[in-house]
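The numbers here are math on the coordinates, done by the rules we state, and not lab data. Keep in mind the model is a prediction, meaning the values are calculated, not measured. Counting neighbours? That spans all protein chains shown, and the Cβs are built from the backbone with ideal geometry, glycine included.
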Amino acid sequence: MEESRDIVFMRNTVEFVTVAAEFCSYLERAGEHSRKEFVDTMLKILPLLYLKAQMLPEEERNSEEDLEDFVSEDSYEVLRISLSDLLAEKDTYLDVFVEEMKYSDTPITKNISEDLADIYQDVKNFVCLFRVGINETMHDAIIDCKENFRRYWGQRLVNTQRALHDIAYNTNPDDDYSEDDNF
């Protein structure tokens with residue numbers, strides 16, 4: 001029991017919670033920003049999220065029970081569509097880190113909006129579980145989040161960061177990579 005309290009309130013855990021909450025909050029408000037502001041902010045927060053996720057402690061779960069999900073399919077889809085609308089024609093990128101690529105004659109494309117929504121879903125569930133304030137649940141949420149980072153969303157994060165970097169720095173210099181009509 002004491003060990004659970006220790007990892008829950010460790011500095012690395014608290015810092016991850018802080019960055020994770022900011023990441024989720026910013027995505028939820030993405031429509032309030034221009035594409036350029038959004039891309040620039042994501043290029044700053046994604047490396048922090050990655051770094052802080054790597055620094056989460058390695059532990060065993062306390063319980064075999066599944067943790068509660070807070071992000072519904074509807075809220076996931078609303079966020080994904082919002083991000084897709086914001087990124088518009090810049091949303092799609094080529095992905096080379098997928099198993100199917102070995103067997104494909106055609107390029108495999110991914111969407112930044114879908115990748116960010118996938119990351120958001122796991123990170124938001126973690127943040128919400130942490131807000132519940134039950135140490136055992138918080139402990140298991142840390143372990144699950146670290147495992148999901150390792151197996152699933154960490155790779156999506158770096159792939160998405162590569163795509164966002166391309167938007168910001170490899171776009172035609174005359175194209176401010178922002179949408180002209182709305183902002």
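Observations
- Placing one equal scatterer on every Cα of segment 104-156 and applying the Debye formula, the log10 ratio I(q)/I(0) at q = 0.19, 0.23, 0.24, 0.26 Å⁻¹ is -0.67, -0.85, -0.89, -0.97.
- Angle in degrees between helix 73-87 and the longest Cα principal axis of the chain, rounded to the nearest 10: 40
- Loop-resident sites, segment 2-60, for chymotrypsin sites (Phe, Trp or Tyr not before Pro), counting at most 14 other Cβ within 10 Å (DSSP): Phe9
- For volume of the Cα convex hull per residue in Å³, the value calculated from this model appears in (1) 174; (2) 108; (3) 128 under label (3).
- Label-point gap, in nm, between Val132 and Leu48 - each point 7 angstrom along Cα→Cβ: 2.7
- The C-alpha atoms of the chain define a longest principal axis, and helix 135-148 lies at about 40 degrees to it.
- Working from Cα pairs under 8 Å separated by at least six residues, relative contact order for the chain is 33 percent.
- On Cα atoms only, tilt of 154-169 relative to the major axis of the chain in degrees: 30
- In summary, the lysines within cross-link reach of Lys52, defined as a Cα separation below 18 angstrom excluding same-chain residues under 8 places away, comprise Lys44, Lys124, Lys146.
- GluC sites (Glu not before Pro), loop per DSSP, at most 15 other Cβ atoms within 10 Å - longest free stretch of the chain: 69-183
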